[in-house]
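See structure below.
The values are calculated or read from the model by the stated rules, or taken from the named source; none is laboratory data. Just so we're clear, the structure is a prediction, and the values are computed from it rather than from any experiment. Every residue, glycine among them, receives a Cβ derived from its backbone with ideal geometry; neighbour counts consider all protein chains shown. These accessible areas exclude ligands, DNA and RNA; they are computed on the full protein's heavy atoms, side chains included. Shrake-Rupley method; radii C 1.70, N 1.55, O 1.52, S 1.80 Å.
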Amino acid sequence: ACFDMGPDLFEFYPTIRPQLVHILGAKDEDDAREKLKAYTLAGVAERITTPLMVVHGEDDFLVKKEGAYETYNRAKGPKVLKVFQPDEGGALHCQHDNYVRALPLMWDWLADQLQAAK
């Protein structure tokens, strides 16, 4: 559900900055910010016409939840947005706090899409 790696990850979760600087081969954080400008779905999400499921956790501490909404809102095809809430579980990053609820929902959606494509 990350729409733009700069604001949605690099700025939102500062702890990850050293790792991203290294991964990007950047000289420093400013150079990483510059390189991350290319890592966005702007101009791409609008071209998504295939079925799309966007999943995010309300309490995700790693990736900004607004990116999930941005991706969902820009996509043009059939789409589903599921933001897991704390009271149902699955509200943390990648639904680590409730795989039992999250994974069947995602796999069932995928199975439905594959069945419909036959």
> What part of the accessible area of the chain, given as a whole %, is carbon or sulfur when the probe is 1.4 angstrom?
Replying inline: 58 percent
> Hey, could you pull the Cα Rg and Dmax for region 60-118, both in Å?
Replying inline: 12.9, 38
> With point charges of +1 on the Cβ of Lys and Arg and -1 on the Cβ of Asp and Glu, referenced to the Cα centre of the chain, which listed residue (Asn98, Pro78, Leu36) lies farthest in the positive direction of the dipole?
Replying inline: Pro78
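Quote to one decimal, in nm, the extra length available between Cys94 and Leu62 on full extension: 0.36 nm per residue of separation minus the C-alpha distance between them.
10.6 nm
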> Can you give the accessible area of Cys2 in Å² (nearest 10), computed on protein heavy atoms with a 1.4 Å probe?
Replying inline: 40 Å²
> If contacts are Cα pairs under 8 angstrom and at least 6 residues apart, what is the relative contact order of the chain in percent?
Replying inline: 26 percent
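So how do His56, His96, His22 rank on accessible area, 1.4 Å probe, biggest first, that is with the largest at the start?
Per-residue accessible area, sorted high to low, gives His22, His96, His56.
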> Expressed in whole Å with the largest first, what are the equivalent ellipsoid semi-axes of the chain derived from the C-alpha gyration tensor as the square root of 5 times each eigenvalue?
Replying inline: 28, 19, 11
> Give or take rounding to whole Å, what are the principal axis extents of the alpha carbon atoms in region 1-62, in descending order?
Replying inline: 39, 27, 15
> Most mobile of Asp87, Asp108, Asp30 per a Gaussian network model of the chain (Cα springs, under 10 Å)?
Replying inline: Asp87
>> Please enumerate, by chain and number, the lysines with C-alpha under 21 Å from the C-alpha of Lys76, excluding those fewer than 8 residues away in the same chain.
In response: Lys65
> So how far apart, in nm, are the two label points at Asp108 and Val44 if each is 7 Å from Cα heading toward Cβ?
Replying inline: 3.0 nm
